[in-house]
Amino acid sequence: MKLINGKEISNGLRLEIKDQVKKIKQETGNLPGIATILVGKNPASQIYIKSKIKACQEVGIQSFHHNLGENSSKENIISLINKLNKNSAVDGILLQLPLPNNKYTQDCINAINPLKDIDGLHPLNAGLLNLSKNWDEIIKKNILVSCTPLGIIYLLHKSNISIERKTAIVIGRSNLVGKPVSMLLLANNATVIIAHSKTKNLKKICKNADIVIAAIGNSKFLNKNFIKDGATIIDVGINRTPDGLCGDVDFNSVKNMNVTITPVPGGVGPMTITMLLENTLKAFKNRC
Ligand code: NAP
């Protein structure tokens, strides 16, 4: 088994981002800025927001945090988003999900100026990703892509794992992870299978895949019986269990196989925040 060290790769990228921020400051006198919005007091969301703000500070990106009450109406949230859309010091708007009331999540996302949508969840950015011909175009056009999927592709590239001509299976079809990562793999010339809870013969299909992306949210769901010799496994799952954090892959079951795998924690997780910083730089450049 070979490990993909997401923390190390992420730290290297953050140093590059820090240099770019310094250069932007020297050349323009401005610093890129993120506005974070937390609605309510979800403990996990509070931790994520804190880590995001800390990461901004470390690379020199400005951050402006806004806390809204648990019972904030859709209109309250959208009114704040509209103010931030107009604020020229704000390049990126991060609305921490889930919202206490999931019913208006999409309306709130739709209210974000697509140029400031550093989570890449606005329909326009999701559409641009789907319309892009290949990876080069996604990079050249600075398309804002959902952070976790983007981080997964960076992990594969930085680990010299070729994607082209490989058979990849993505297990999960969420707008946040499954769908965008499938599009990114396709843009990198993989043959992509998207599986979900209604997929038949998952074990058999998965066993044929060169690259397995597990984005299910079910602890230790995949074991060695799903994995072929030589496969690369990207474990996106973050599951809180009495024994601590674990992924969607049963790590102990596959650890003696000839596989390359991201650990949980320390694999995909650190890359997600790094891609948020990367997207903020893109948003800054796109607005210049
Ligand atoms: P989600 O919206 O709940 O989607 C889960 C997907 O898994 C759904 O498409 C679902 O299929 C599929 N699924 C559920 N049970 C299945 C089964 N038995 N067989 C095959 N597919 C099944 O979750 P998400 O937001 O994509 O997140 C997935 C996991 O990644 C979670 O653990 C989350 O915490 C983690 N995550 C990690 C990061 C990170 O930075 N590391 C970021 C985001 C998410 P249906 O569509 O048919 O229901």
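Specify whether the C-alpha gyration tensor of segment 118-238 places it in the rounded, prolate or oblate class, a ≥ b ≥ c being the square roots of the eigenvalues: rounded for a/c under 1.5, otherwise prolate if a/b is larger than b/c and oblate if not.
Working: a/c = 1.93, a/b = 1.50, b/c = 1.28.
Prolate.
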Ranked list, fewest to most other Cβ atoms within 10 Å of each Cβ, for Asp210, Asp235: Asp210, Asp235
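Might you report the magnitude of the Cβ-based charge dipole of segment 30-115 about its Cα centre, with Lys and Arg at +1 and Asp and Glu at -1, to the nearest 20 debye?
Details: 8 positive and 5 negative charges, 21 e Å.
With Lys and Arg at +1 and Asp and Glu at -1, about 100 debye.
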Cα-Cα over 25 Å, subset of Lys50/Lys255; Lys7/Lys282; Lys133/Lys179; Lys18/Lys158; Lys18/Lys282; Lys133/Lys228: Lys50/Lys255; Lys133/Lys228
Cα centroid separation, segment 36-96 to segment 167-199 (Å): 29 Å
Alpha-carbon spread of segment 88-189, three principal axes, descending order, Å: 40, 31, 23
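To the nearest 20 debye, what is the magnitude of the charge dipole of segment 98-181 about its Cα centre, counting +1 on the Cβ of each Lys and Arg and -1 on the Cβ of each Asp and Glu? Could the numbers behind the result be given before it?
Details: 10 positive and 6 negative charges, 41 e Å.
Rounded to the nearest 20 debye, it is 200 debye.
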Percent RCO, i.e. relative contact order, over the chain, from Cα pairs under 8 Å lying at least 6 residues apart: 22 percent
Computed P(r) (all Cα pairs; the chain; 5 Å bins; percent): 1, 6, 12, 16, 18, 16, 14, 9, 5, 2, 0, 0
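Expressed in nm to one decimal, what extension gain is obtained for the pair Asn82 and Leu31 from 0.36 nm per residue of sequence separation less their Cα-Cα distance? Could you put the intermediate results ahead of the total?
Numbers: separation 51, 0.36 × 51 = 18.36 nm, distance 2.12 nm.
Extending this stretch completely gives an extra 16.2 nm.
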Relative contact order for segment 30-115, counting Cα pairs under 8 Å that sit 6 or more residues apart, in percent: 41 percent
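Where the only charges are on Cβ atoms (+1 Lys, Arg; -1 Asp, Glu), what is the dipole of segment 155-227 about its Cα centre, to the nearest 20 debye?
Details: 12 positive and 2 negative charges, 64 e Å.
In total the dipole reaches around 300 debye.
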Helix 43-59 vs. the chain, principal-axis angle (Cα, 0 to 90°, nearest 10): 70 degrees
Ascending count of other beta-carbon atoms within 10 Å, so fewest first, for Thr36, Thr274: Thr36, Thr274
Inter-site label distance for Leu97 and Phe64 at 7 Å from Cα along Cβ, in nm: 2.4 nm
Point-to-point label distance, Lys2-Thr167, nm (Cα→Cβ direction, 7 Å offset): 2.1 nm
Where labels lie 7 Å past Cα in the beta-carbon direction, separation of Asn256 and Asn208 in nm: 2.9 nm
Normalised per residue, the volume of the convex hull around the Cα set of segment 1-155 (Å³): 138 Å³
Fully extended contour minus Cα-Cα distance, from Ser51 to Lys22, at 0.36 nm per residue: 8.3 nm
Equivalent ellipsoid, segment 30-115 (semi-axes from 5 times Cα gyration tensor eigenvalues, Å): 21, 16, 9
Residue exposure sequence - Met275, Met257, Met183, Met1 - by fewest surrounding Cβ within 10 Å: Met1, Met257, Met183, Met275
Segments 199-205, 216-222 sorted - mean Cβ within 10 Å per residue, highest first: 216-222, 199-205
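Every read-out reported here was derived from the displayed coordinates using simple, explicitly stated rules and does not represent laboratory data. Not measured: the values here are computed from a predicted model. Note: ideal-geometry Cβ built from the backbone for every residue, glycine included; neighbour counts use all protein chains shown.
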